[in-house]
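What follows is a single structure, written as structure tokens, with notes after it.
The values are calculated or read from the model by the stated rules, or taken from the named source; none is laboratory data. From a predicted model like this one, the values you see are computed outputs, not experimental measurements. Neighbour counts are summed over all protein chains in view; Cβ atoms, including those assigned to glycine, are modelled from backbone coordinates with ideal geometry.
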Amino acid sequence: MNSTASNNTIRCGPAYVLTVLFPCLHSIVFLVALTLNCLAAWVFFNIPSNSTFVVYLKNMVVADILMTLTTPVKVLYHVGVSPMDLCVAYCRYSTILFYLSMYTSIAFLGLISLDRYLKIVWPFGEYTVQKVRVGQALSAAVWLVFSSIAIPIVILTNKSPPHPIVPGELQCFSLLSEYGQKVYKGTLYTFQVVFWGTLALMVVCYSFISRTVYKSYKASRSSSSEAACRKTKAKVFVIVVVFFICFAPFHFFLVAHILTQTRNTQASHGCGEKITMYYNTQNSTIWLCSTNACLDPLIYVLLCKKFRTRLVATLTCKALPP
């Protein structure tokens, strides 16, 4: 490769921000998320699945652990020290597992929002969707659907990479077969439907939850017990906060990028500040997605009393009361 081509590669590629800053950020997330989710998994292992809420939370822990385990490969890939086989493994397995875990988490946040809506807005009703067996079946269906979407992408990522591979700049899309690229594009649209559908569900659920909490506030401002109950209900909004911090920026970025590409088909070609900004924005929003594995434990602690009690007992080495 001549010097001009090398300079173009450096100028067009992710460059310093991707090879230094993002690996450091992902490494921090990996250490924090691995510690928190291993602890959460241990705590949940000792909690019986006697409610749909606990069932969904346990599945979220599994999704977060899978997402966390993809981070070391991502770091090595972006640093540019990974061999060719690891680069291919990053594209074929690690990236796909990351997105599988991410959209599984999104789906479970939607199910948890629906569960909290029924618990707060209709506390005295008994609905089929709140039965443990139904929750377990829905959880299995979520994993089955997203696995059936991801496995074909893994199989169709079967093209040989170019030689030599420029460290950190292998385009995973180039490893897909021609048919695989079509399947991949269809998968992207499917994932978009999952996100925006979950967002719509959460808007509806939390609109009613907000109204219920507000009515409770107006009806019992002087009662300390009612105030405590109202405060407990208000904690449910941590789900919305986690959802928007972690997942909204990435999907808003995707929409903006698609609109830009529609208006200017040449936007993705050439070099310069626009390409650098694209790489930095894309990877910043992906990093925010990965922080979901660090923020989900907030949901467990604030919303699940069984988890909180067992966690305190575990950390203080005290036995739980019968």
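As for segment 274-283, it holds no residue that is under 25 Å from residue 188 (Cβ atoms), crowded, with 18+ Cβ neighbours inside 10 Å, at pLDDT 90 or above and of a type outside the set (A, V, I, L, M, F, W, C). If you check residue 169 against the conditions, is it at pLDDT below 80, surrounded by 12 or more Cβ atoms within 10 Å (Cβ to Cβ), of a type in the set (D, E, K, R) and touching a Gly at 6+ places or on another chain (Cβ under 9 Å)? Against the criterion (at pLDDT below 80, surrounded by 12 or more Cβ atoms within 10 Å (Cβ to Cβ), of a type in the set (D, E, K, R) and touching a Gly at 6+ places or on another chain (Cβ under 9 Å)), residue 169 qualifies. Scanning segment 41-85 for residues that are in contact with a Lys or Arg (Cβ under 9 Å, 6 or more places away or on another chain) and aliphatic (A, V, I, L, M), we see that the one that is farthest from residue 289 (Cα to Cα) is 47. Within segment 49-74, residues that are under 15 Å from residue 31 (Cβ atoms) sit with their Cβ atoms under 7 Å from residues that are among the hydroxyl-bearing types (Ser, Thr, Tyr) and part of a helix (DSSP H, G or I), at 6+ positions apart or across chains, in these pairs: 64/105; 67/101; 67/290; 70/94; 71/290; 74/90; 74/94. Scanning segment 199-250 for residues that are at pLDDT below 95 and assigned to a loop (DSSP other than H, G, I, E, B) gives 220, 221, 222, 223.
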